[in-house]
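A.B. asks: Shown below is the structure under consideration.
The values are calculated or read from the model by the stated rules, or taken from the named source; none is laboratory data. Given the structure is predicted, the values throughout are model-derived calculations rather than measurements. Neighbour counts are summed over all protein chains in view; Cβ atoms, including those assigned to glycine, are modelled from backbone coordinates with ideal geometry.
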Amino acid sequence: MVSPELLRRFTFFAGFSDEDLKRLAMAGREQAVSTGEVLFAEGNHADNLHFLTEGEVEILNRSGGSKKDIALSSLSAGELLGWSAVIEPNVYTATARVTRPGRVIIFAGAELEKLIGNDRFCSLLMKKIAQVISQRLKDTRIQLLSLSPNAPPDANLK
């Protein structure tokens with residue numbers, strides 16, 4: 001369990017009721033993470049939602065059929081990772097590797113499923129996850145444009 005007060009520190013949890021925060025806190029556990037540690041790997045079953053409270057994590061994606069990873073984005077404290085744990089087919093779409101040591105809160109997908117039964121809670125959580133996914137898609141688009149030989153010089157700024 002984590003403290004509801006810890007959750008309140010981050011804007012991601014704004015809008016959740018005190019009761020929601022207590023339930024989330026009960027469903028989460030805090031864990032230290034070290035540089036180089038992989039929180040989850042692309043293609044694996046997604047069983048945990050992660051929330052970064054300290055440190056930095058890079059999101060990596062495989063380049064086509066090669067075994068080379070491309071860094072799509074860098075995440076810092078206050079960011080959500082592993083949303084695939086609550087979105088079917090529950091398979092991680094990227095790899096998350098720690099680049100600066102810190103701490104994460106890990107929410108078991110099975111525990112979150114129990115909380116999602118509340119329509120208001122579910123609506124708010126899914127709205128926030130949709131915002132995260134939207135930002136990650138934007139990050140990916142920028143990364144792809146920067147790799148394109150036909151991209152205008154300022155393509156990565158848009």
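A.B. asks: State which residue is farthest from the chain's Cα centre (by Cα) when the search covers only segment 61-85 and only residues that are modelled with pLDDT under 90 and among the hydrophobic types (A, V, I, L, M, F, W, C). I'd like the intermediate steps shown before the answer.
C.D. replies: At the first step, the residues of segment 61-85 found to be modelled with pLDDT under 90 are 61-73.
Subsequent filtering for residues that are among the hydrophobic types (A, V, I, L, M, F, W, C) retains 70-72.
Working: I70: 17, A71: 14, L72: 13 Å.
That would be I70.
A.B. asks: With the structure loaded, tell me whether L60 is assigned to a helix (DSSP H, G or I) and crowded, with 18+ Cβ neighbours inside 10 Å or whether it fails that test. If you could, list the steps in order and put the result at the bottom.
C.D. replies: Working: assigned to a helix (DSSP H, G or I): no; crowded, with 18+ Cβ neighbours inside 10 Å: yes.
Here the answer is no, as L60 does not meet what is asked.
A.B. asks: Please go through segment 126-150 and pick out each residue that is touching a residue at least 60 places away in the same chain (Cβ under 8 Å) and over 19 Å from L60 (Cα atoms).
C.D. replies: Hit for segment 126-150 is K128, nothing else.
A.B. asks: Same structure again: Output the number of residues of segment 1-54 satisfying the condition of being free of Cβ contacts under 8 Å to residues at least 24 places away in the same chain, in a loop (DSSP other than H, G, I, E, B) and crowded, with 17+ Cβ neighbours inside 10 Å.
C.D. replies: Residues meeting the conditions: 0.
A.B. asks: Of everything in segment 130-158 that's modelled with pLDDT under 75 and hydrophobic (A, V, I, L, M, F, W, C), which residue is farthest from L49 (Cα to Cα)?
C.D. replies: A151
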